[in-house]
Amino acid sequence: MSRVTQLLTAIDQGYRKKAWHGPNLRGALRGVDADTAVWRPAPERNNIHELVVHLAYWKRSLIRRFDREAAGSFPYPGSNFFPRNEPDAKLLKADIKLLDTYHKIFRDLVADLDDDSLDLPAPNSKETAFYLIFGCPAHDIYHAAQIQLLKRMCEAATAV
């Protein structure tokens with residue numbers, strides 16, 4: 001199995017495909033409604049909806065490292081975390097679609113690489129392509145776990 005294929009397997013398992021580690025990112029988001037998406041465990045803590053946009057932002061940032069044109073501009077001003085304070089089902093759906101779109105672009109960019117290019121710096125980075133790509137599924141799984149915890153905490157906090 002090529003190194004690119006191994007990276008694609010990790011990307012797929014971290015995002016949407018079945019994996020031994022439990023829920024992937026899209027699995028963690030399944031069934032999250034607008035109220036749950038903006039629930040916070042404490043003031044100044046991120047909510048699920050903010051994590052969705054954060055993940056989209058960083059996938060776009062990775063795309064930009066490989067292909068600035070493919071990345072386009074991010075639809076929201078700012079960086080890293082973007083406030084989402086009010087329940088808005090349409091906005092949540094649009095932001096998940098944005099995340100899906102950036103994920104597909106990123107995965108397609110990785111699929112077009114060859115193994116020899118993985119040890120070279122990414123075109124717009126000092127880091128190797130392998131280093132940047134390898135971190136993406138870890139980031140997805142890290143936040144998938146947070147989302148799972150936030151869902152359970154919200155459920156317990158709002159139970160009557």
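GNM remark for the chain: springs join alpha carbons under 10 Å apart, and the peak mean-square fluctuation among Lys93, Lys126, Lys59 falls on Lys126. Extension gain for the segment Lys104 to Leu149, taken as residue separation times 0.36 nm less the Cα-Cα distance, is 13.6 nm to one decimal.
The base-10 log of I(q)/I(0) for the chain, evaluated at q = 0.09, 0.16, 0.17, 0.19 Å⁻¹, reads -0.31, -0.90, -0.99, -1.18 [Debye formula, identical scatterers on Cα atoms, solvent excluded].
The residues neighbouring Asn47, those whose beta-carbon lies less than 9 Å from its own, together hold a net charge of +2 under the Lys/Arg +1, Asp/Glu -1 convention. The GNM of the chain, with springs linking C-alpha atoms under 10 angstrom apart, assigns the highest mean-square fluctuation among Leu62, Leu113, Leu51 to Leu113. Between the stretch 104-160 and the stretch 1-63, the C-alpha centres lie 8 angstrom from each other. The fraction of all Cα pairs in the stretch 1-81 landing in successive 5 Å bins from 0 to the largest distance is 3, 13, 15, 19, 21, 16, 9, 3, 1, 0, given as whole percents. Protein heavy-atom surface of the chain, 1.4 angstrom probe: 55% of the accessible area is carbon and sulfur, with nucleic acids and ligands not counted. Excluding ligands, DNA and RNA, the accessible surface per residue across the stretch 1-95 is 56 Å² with a 1.4 Å probe. Listed by chain and number, the lysines placed with their C-alpha closer than 27 angstrom to that of Lys97 are Lys17, Lys18, Lys59, Lys151; residues fewer than eight positions away on the same chain are left out.
The values are calculated or read from the model by the stated rules, or taken from the named source; none is laboratory data. Just so we're clear, the structure is a prediction, and the values are computed from it rather than from any experiment. No Cβ is skipped: glycine too gets one built from the backbone with ideal geometry, and neighbour counts run over all protein chains shown. These area figures cover heavy atoms from the full protein model, side chains too; ligands, DNA and RNA do not enter into them. Shrake-Rupley method; radii C 1.70, N 1.55, O 1.52, S 1.80 Å.
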